[in-house]
Amino acid sequence: MEQPIYSLVIPIYNEAENITEMYRRLTHVMAQLDGEVELILIDDGSSDRSLNAIRELHHHDSRVRYLSLARNFGHQIAVTAGLNFVQGKCVIVMDADLQDPPELILKMIAKWQQGYQVVYAQRLSRKKESWLKRLTAYIFYRFLRLMANVDIPADTGDFCAMDRQVVDILNTMPERNRYIRGLRAWVGFRQTAITFEREPRFAGKVKYTFGKSWALAVDGIIAFSTIPLKISTYLGLLSAGIALLMIILVLYWRLLDPSSPLIGFTLITVAMFFMGSVQLISIGILGEYIGRIYEEVKGRPIYTLKETGGLMKVSEVSPK
Ligand code: UDP
Ligand code: MG
């Protein structure tokens, strides 16, 4: 088997209805490529017949290789696992639900051949996604840009082509909190965008529930910004300022205007709640960071594998 030039990495979580169509569209694209391709499908602990469908593809087409994680680890970890096994010089990451049109891969590869190490797909629109998802995504990506200490382009997902150099660096990053679109921007080199219209899902349900999307958003911000930690300081300063104003007010009433109405109870209650919330918010923010530090220091493996097909860990293929 020749060493592939192109590796396609596709995470799959309960996408049985999509796999055949995805493979059909991809074979067209693969036929147009100018070199060997490997298709790496990562089963992220699916509970439907995705893994069977993947095994069948593997038996019938030797370019299809796969890993199966021992349980559902989440999209970002599934991609991470795939990247650990790729052998190609140009690595393409895409979703299995055909929201990322496979035909775009050719355009990405053309850019890679021009010498870009990262070519990421930027969404112009999100057809048929709910207005709530579009609105929250719009706000989030801009908020992230405001907060993050690396320039993470807005409206980009994980759909991208990366040079081997970049993948090797991603594979040396030990962190388990993997916000791939952020890490990819962090790496640097020559990066460029190509724009596209995000298609609706081919079949099946969206796997990113509101809860998962929220968790991904928080992960992104915390992994790339320490500004939230500073927010507590400013909240503290703000509440100290308000307290000072109150002291002045109370002194004025006591000493200079004894006839003024007594608003003590209300004032104390409001102040109490205000201080309480400032403190709880600050502790909560601290908690988000400390929780992640705890996760990192445990140093557990990032994922566990139950099965692979046609693959060897790249570090075993070419030890550093
Ligand atoms: N996915 C995964 N593990 C998960 C959730 C999702 O591997 O826990 C995969 C999913 O099968 C799909 C991709 O990640 O190929 C993106 O998921 P989805 O389409 O649900 O998200 P969205 O398109 O809304 O970003
Ligand atoms: Mg999708």
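What the table below lists for this structure:
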quantity	calculated
Selected residue [over 17 Å from the mean Cα position of the chain (by Cα) and on the phi > 0 side of the Ramachandran plot] from LEU124, LEU69, LEU98	LEU98
Matching option when the condition is closer than 21 Å to ILE194 by Cα, surrounded by fewer than 19 Cβ atoms within 10 Å (Cβ to Cβ) and of a type in the set (S, T, N, Q), among GLN32, GLN99	GLN32
Restricting the stretch 193-222 to residues that are in a helix (DSSP H, G or I) and in contact with a helix residue (DSSP H, G or I) (Cβ under 6 Å, 6 or more places away or on another chain), the residue that is farthest from ligand 1 (Cβ to nearest atom)	ILE222
Counted residues, the stretch 159-192 - those being open to solvent by 20 Å² or more (accessible area, probe 1.4 Å), more than 24 Å from TYR138 (Cα to Cα) and part of a strand (DSSP E or B)	1
Residue within the stretch 114-127 that is open to solvent by less than 20 Å² (accessible area, probe 1.4 Å), assigned to a helix (DSSP H, G or I) and of a type outside the set (D, E, K, R) present	no
Among (1) in contact (Cβ under 8 Å) with a residue 40 or more places away in the chain; (2) assigned to a helix (DSSP H, G or I), the one test that TYR303 misses	(2)
Residue in the stretch 68-87 that is farther than 19 Å from THR308 by Cβ, in contact with a helix residue (DSSP H, G or I) (Cβ under 6 Å, 6 or more places away or on another chain) and more than 15 Å from ligand 2 (Cβ to nearest atom) present	no
Test set (1) within 13 Å of ligand 1 (Cβ to nearest atom); (2) at pLDDT 85 or above - PRO174 fails condition number	(1)
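The values are calculated or read from the model by the stated rules, or taken from the named source; none is laboratory data. These numbers come from a predicted model, not from an experiment. Methodologically, a virtual Cβ is constructed for each residue, glycine included, from the backbone with ideal geometry; neighbour enumeration extends over all protein chains shown. These area figures cover heavy atoms from the full protein model, side chains too; ligands, DNA and RNA do not enter into them. Shrake-Rupley method; radii C 1.70, N 1.55, O 1.52, S 1.80 Å.
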